Amino acid sequence: MGDAIVNVSAWIEGLLLGTGLSEPWVSFIMTVISAFVIAFIPVVIVIFLVWGYRKASARMQGRLGPNSSGTWAGPGGIVQTFADAIKMLTKEDIRPAGVDVIPYNIAPILIFFIALVVWAVIPFGPGTVIGVDLNIGIFYIMAFSSAALFGVLMAGWSSNNKYATVSAFRSVALLISYEIPQLLSVLVVVMVAGSMSMQDIVGAQRSVMYLIALPLPAVIFLIASLAEVNARPFELLEAESELVAGYQTEYSGMKFGMYYLAEFINSVAVGAIFSTLFLGGWQGPFVDAAPILGTVWIFAKITLMTMLWMFIQITLPRLRIDQILNFNWKFLVPLALANLCVISIVNKLINAQASDWTRAGILLLTNIAIALVAWTLVALGGRQKRRQYEAELEVVA
Amino acid sequence: MTIQATHETLKAKFPDAIQDAHAPYTGLIVDRDHLVAVATALRDELGFRYLSSVTGVDYPAATDGLPPRFEAVYHFYQSEGGPLVLHVHADRENPTVPSLTPLFPSADFQEREAWDLMGIRFEGHPDLRRILLWEGYAGHPLQKGFQEVYYEADTKPFDSRWPEGAPVRAESRVPLGRNLRYPADFSMQGWCPTDDPWGYIAHDQVADLKDTAHPTDRVVLNMGPHHPSTHGVLRLLVTLEGETIKKLEPVVGFLHRCHDKIGERNTWLGNMPYTDRLDYVCSMSNNLGYAVAVEKLLDVKVPERAEYIRVIMAEFTRFINHIIDIGFTGNDLGIYFTAMLMGMEERELIVDLFERVSGSRMMCNYMRFGGVAHDMTADDVAYARQLAFERLPQAIDKVDQFFTNNEVFKQRSINVGVLPAETAIAYGCTGPLLRASGVPYDIRRAEPYSIYDSFDFDVVTRQNGDVYDRYMVRLEEMRQSVRILQQALNRLPDGPIMDGKPKGLIKVPAGEAYGRIEAPKGELGFYLVSEGGNNPYRYHVRSPSFVNLGALEEMCKGYLIADTVIILASVDITLGEVDR
């Protein structure tokens, strides 16, 4: 079968060259086409994801979800999402009085832009099946995803709405603090893989994926990412029951639609980044024989991660802002730091000639040791606190 | 101490200030100037620490040898037994009564309501503003002379509705309403009340925050009336420092329809469907409360089968209310409807039963004076048995399994919204809210109505008075409800379901009565005055949600906005009942 995607792109390139266009022009047109395709992937995914989310939440809640009873909405109600998208596009765009016009209008564009831009460095298959294989790929992702904060802040502040402002306050606290453990756990991966390029990180997981070698950074990254994409139990920025819709409260029509899209795209992107960093990206059985399978594998992994996200989203309650920050600063950050320090030493000590499996085994054991130490410390702290509390009770009694 | 003995003690203590009320009225008439002294004695010496109901009655003509007057009526309770009723007379021209709010914070909202609707001024009330009506409203609608928009006649049935034998809607005849009155200088555009426009003054006086350790700006936030977790149209005026609550004030009345005035126009039985709309989650309980109150005046004997059916319906209603409330708490915690729909599933099955017996799922209109409207067939009983013995116990276990040990839920609810027992009693809180604070007060035990004294059940209490304990009390009360249901269904006797023939137009003997039941949300009381006619002379609802809401500020101060919503969910209010 060969590498279908590469073949198709080579075929188009050949066509263009055949028309007599010069080399630079052809490569420019090819870039535009691939950018379009890559930007298109998440948007299409989201349209089906929204449907999937509705279906999944309905099934978890003992309902049917979208279906065709009543008016026709396609098999399993799949047309509903398209109708929603059309509705969103045609709705009136209301701008409340007293908003700060420029940031108010830039914010949704910025957030949507950032949500799409991240996809440029996700490898969808071996070789060149990637937007652009930057040698600082993961750094690029982290940098852009922190910039999303500006969008939230702009929207919250410019909306002239107290709920939106409170949401912006929270976003500063939440997003900045959870970036730290996220970054620290990514650093571990970068260190072990020896590169920041996404393709190299995937390549480094050829025999054993990092989820097995580095389970602790994986878990920390997952938790921090859930916070970054504002999913439950960290869903504070638009905590529906507290802040109405948070920073999106004053948006309507397609501006709101862009936030909505961006939220789903980000959630999928987290799945994609996690798959690349820890689940081996496009690596999988038979990829060498048929490179197209790599694309299948990565999408399967993204789907798996998205299902996990949905499950958490639908079943967990939300924590309070101080509890979330406490958890981060008093547990996640120290743990991630300790993890980074210990693994950097251990990784250096392992013989460079050691096989991938030996290296993974040693790293896994180190991870387990760190986890056990952390667990013991937490348990000790909890016991001490309980003793203190009981002593206080006795004083009262 | 019995009520009679208390009367004697009080009369001995205040010989000049107290006299017995004339039959058919009950209780004591207290001189206005001595009211505070009498109430203090009641609270501190005689153990009547719970002021249940404060309301007013208008007597525009001289009756029973008394001059035209306003009466403020107070119902005090001790830990067991019936009410001690105090009547305080106020001059009709300038009605003032000393306020009991400093002694009993539970009087706060109720005195404001009596001022708002009846026009009795309570001197010494810290914040005597209108509560249910808007600030610019002209007049006090419960005064007997007040005629509302579209006024037709004093009491139903209105003959004008049937001019030539065909029904006519009054609204079609008077498009703007002849009785519509606006305050002076009122214009529809840009109206703004002068003294305290939106209730902000008290919030401006919250202590200056600049001198605290971390000075921040004060933010006054309007939570609601359009807010997803105020369970209806409730406006919470919140002063924040950062996200910490410094002051909180519930602003209510958005659903106000003057239930009391409608009740006075209606016939006695005609009120029954209106009570469904009070707490629209528990219409059966509301029916029962009203029936119990009117039966006190009527002196009818409810047949045993009807009593059993009433208890069965009331306990099913309690189950619905509690499981829905737990679900909504989950909603406010952010569990994306999953918990609520879990409760809804059980509720659907129970309202199916209501539909079978009464014909309606939510607005049941099922109880009658002296019985119930329809009998339960053998099929209905079998269905109810299936629910009570198989389905519902499992449902409780499911809730228990998902919530009780959920780490996030515990983090969010333990030690949040703590209400100490003393405060709870002072604020007149009832129901699960009070029992979670460690006060074992349940009207089904304290002053048994219907046949509750013949059932085995526990009064559930917890000690800490936080959100988690309120959840635990509700969970355990559902178990007790199922226990009562199982006993009732096992013992359900045969026999008639009505005392005598069902009648539409009932004449109720003159007198006053305060009937109260343990509704799922707390004490639901109906204060009724009859002059022997087809219609109530005074019809007042003491709703648990309204009074419990008064303690919200006490519970929320010092916590975060995020906590407010779950504290509110744990108080469990229905706005239909708050605003009436």
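The values are calculated or read from the model by the stated rules, or taken from the named source; none is laboratory data. Computed from a prediction, not measured in an experiment: that's the story for all the values here. Methodologically, a virtual Cβ is constructed for each residue, glycine included, from the backbone with ideal geometry; neighbour enumeration extends over all protein chains shown. Each accessible area value is taken on the protein alone, full model and side chains, heavy atoms only, with ligands, DNA and RNA left out. Shrake-Rupley method; radii C 1.70, N 1.55, O 1.52, S 1.80 Å.
Structural remarks
- Residue match in the stretch A:90-97 (condition: surrounded by fewer than 18 Cβ atoms within 10 Å (Cβ to Cβ) and within 14 Å of chain B (Cβ to nearest Cβ)): yes
- Qualifying residue in the stretch B:328-335 (condition: open to solvent by 20 Å² or more (accessible area, probe 1.4 Å), more than 9 Å from every other protein chain (Cβ to nearest Cβ) and under 19 Å from B:Asn286 (Cα atoms)): no
- The set of residues in the stretch B:412-426 being part of a loop (DSSP other than H, G, I, E, B), open to solvent by less than 30 Å² (accessible area, probe 1.4 Å) and either more than 10 Å from chain A (Cβ to nearest Cβ) or touching a His at 6+ places or on another chain (Cβ under 6 Å) (or both) consists of B:Gly417, B:Leu419.
- Only listed residue being crowded, with 22+ Cβ neighbours inside 10 Å, among the hydroxyl-bearing types (Ser, Thr, Tyr) and modelled with pLDDT of 85 or more, chosen from A:Ser167, A:Ser171, A:Ser185, A:Ser195: A:Ser185
- Condition check for A:Ala336: assigned to a helix (DSSP H, G or I), touching a Ser or Thr at 6+ places or on another chain (Cβ under 7 Å) and open to solvent by less than 20 Å² (accessible area, probe 1.4 Å): yes
Residues checked against (1) surrounded by fewer than 23 Cβ atoms within 10 Å (Cβ to Cβ); (2) touching a strand residue (DSSP E or B) at 6+ places or on another chain (Cβ under 7 Å); (3) within 14 Å of another protein chain (Cβ to nearest Cβ); (4) at negative phi:
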position: B:Lys503; (1), (2), (3), (4): yes, no, no, yes
position: B:Ala510; (1), (2), (3), (4): yes, yes, no, yes
position: B:Gly515; (1), (2), (3), (4): yes, yes, no, yes
position: B:Gly522; (1), (2), (3), (4): no, no, no, no
position: B:His540; (1), (2), (3), (4): no, yes, no, yes
position: B:Leu560; (1), (2), (3), (4): yes, yes, yes, yes
position: B:Asp572; (1), (2), (3), (4): no, no, no, no
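- None of B:Ser229, B:Ser285 is among the small types (Gly, Ala, Ser) and closer than 29 Å to B:Val381 by Cα except B:Ser285.
- Selected residue [open to solvent by less than 20 Å² (accessible area, probe 1.4 Å) and in a loop (DSSP other than H, G, I, E, B)] from B:Phe457, B:Phe526: B:Phe457
- Checking each residue of the stretch A:352-374 against the condition of being out of contact with any strand residue (DSSP E or B) (no Cβ under 6 Å at 6 or more places or on another chain), within 30 Å of B:Leu560 (Cβ to Cβ) and within 14 Å of chain B (Cβ to nearest Cβ) gives no match.
- Here A:Gly62, A:Gly127 are screened, and the one residue that is at positive phi, surrounded by fewer than 16 Cβ atoms within 10 Å (Cβ to Cβ), within 14 Å of chain B (Cβ to nearest Cβ) and part of a loop (DSSP other than H, G, I, E, B) is A:Gly62.
- The stretch A:320-348 residues that are without any contact (Cβ under 8 Å) to a residue 24 or more places away in the chain, paired with ones that are outside any helix (DSSP H, G or I) (beta carbon under 7 Å, 6 or more apart): A:Arg320/B:Leu560
- Criterion violated by B:Arg310 - all others in (1) under 29 Å from B:Thr275 (Cβ atoms); (2) buried (at least 19 other Cβ atoms within 10 Å of the Cβ); (3) within 14 Å of chain A (Cβ to nearest Cβ); (4) of a type in the set (D, E, K, R) satisfied: (3)
- Residue in the stretch B:210-234 that is modelled with the lowest pLDDT, counting only those that are open to solvent by 30 Å² or more (accessible area, probe 1.4 Å) and either assigned to a strand (DSSP E or B) or polar (S, T, N, Q) (or both): B:Thr212
- Of all residues in the stretch B:380-411, those satisfying the criterion of being farther than 19 Å from B:Arg347 by Cα and either small (Gly, Ala, Ser) or surrounded by fewer than 21 Cβ atoms within 10 Å (Cβ to Cβ) (or both) are B:Thr404, B:Asn405, B:Asn406, B:Glu407, B:Val408, B:Lys410, B:Gln411.
- When A:Leu279, A:Leu319, A:Leu237, A:Leu243 are checked against the criterion of being within 14 Å of chain B (Cβ to nearest Cβ), at pLDDT below 90 and closer than 26 Å to A:Val188 by Cβ, A:Leu319 stands alone in meeting it.
- Candidate set from the stretch B:336-364 (those that are within 14 Å of chain A (Cβ to nearest Cβ) and of a type in the set (A, V, I, L, M)); member that is nearest to B:Leu489 (Cα to Cα): B:Leu349
- Considering the conditions (1) under 28 Å from B:Pro126 (Cα atoms); (2) open to solvent by 40 Å² or more (accessible area, probe 1.4 Å); (3) modelled with pLDDT under 85, B:Glu80 is excluded by exactly one of them, (1).
- When B:Leu128 is tested against the conditions (1) modelled with pLDDT of 85 or more; (2) not assigned by TED's automatic domain parsing to the domain that holds B:Asp44, the lone failure is (1).
- Looking across the stretch B:22-38, the residues that are surrounded by fewer than 17 Cβ atoms within 10 Å (Cβ to Cβ) and part of a loop (DSSP other than H, G, I, E, B) come down to B:His22, B:Ala23, B:Pro24, B:Asp31.
- Tally of residues being free of Cβ contacts under 8 Å to residues at least 60 places away in the same chain and open to solvent by less than 10 Å² (accessible area, probe 1.4 Å) across the stretch B:237-274: 2
- Members of the stretch B:288-307 found to be more than 29 Å from B:His231 (Cβ to Cβ), open to solvent by less than 20 Å² (accessible area, probe 1.4 Å) and touching a Phe, Trp or Tyr at 6+ places or on another chain (Cβ under 6 Å), listed by number: B:Val294
- Residue list for the stretch B:544-558, filter: within 14 Å of chain A (Cβ to nearest Cβ) and assigned to a helix (DSSP H, G or I): B:Cys556
- Hits in the stretch A:137-160 (condition: surrounded by fewer than 23 Cβ atoms within 10 Å (Cβ to Cβ) and over 16 Å from A:Ala227 (Cβ atoms)): A:Phe139, A:Tyr140, A:Ala143, A:Phe144, A:Ala147, A:Phe150, A:Leu153, A:Met154, A:Trp157, A:Asn160
- Test: residue in the stretch A:364-376 that is more than 26 Å from the chain's Cα centre (by Cα), modelled with pLDDT under 85 and surrounded by 13 or more Cβ atoms within 10 Å (Cβ to Cβ): no
To keep it simple, each residue is scored yes or no on (1) at pLDDT below 85; (2) part of a helix (DSSP H, G or I); (3) of a type in the set (A, V, I, L, M); (4) touching a strand residue (DSSP E or B) at 6+ places or on another chain (Cβ under 6 Å).
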{"position": "A:Phe256", "(1), (2), (3), (4)": "no, yes, no, no"}
{"position": "A:Asp288", "(1), (2), (3), (4)": "yes, no, no, no"}
{"position": "A:Lys301", "(1), (2), (3), (4)": "no, yes, no, no"}
{"position": "A:Leu325", "(1), (2), (3), (4)": "no, yes, yes, no"}
{"position": "A:Asn328", "(1), (2), (3), (4)": "no, yes, no, no"}
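- Filtering A:Val132, A:Val99 for residues that are without any contact (Cβ under 8 Å) to a residue 60 or more places away in the chain and either at positive phi or in a loop (DSSP other than H, G, I, E, B) (or both) leaves a single hit, A:Val132.
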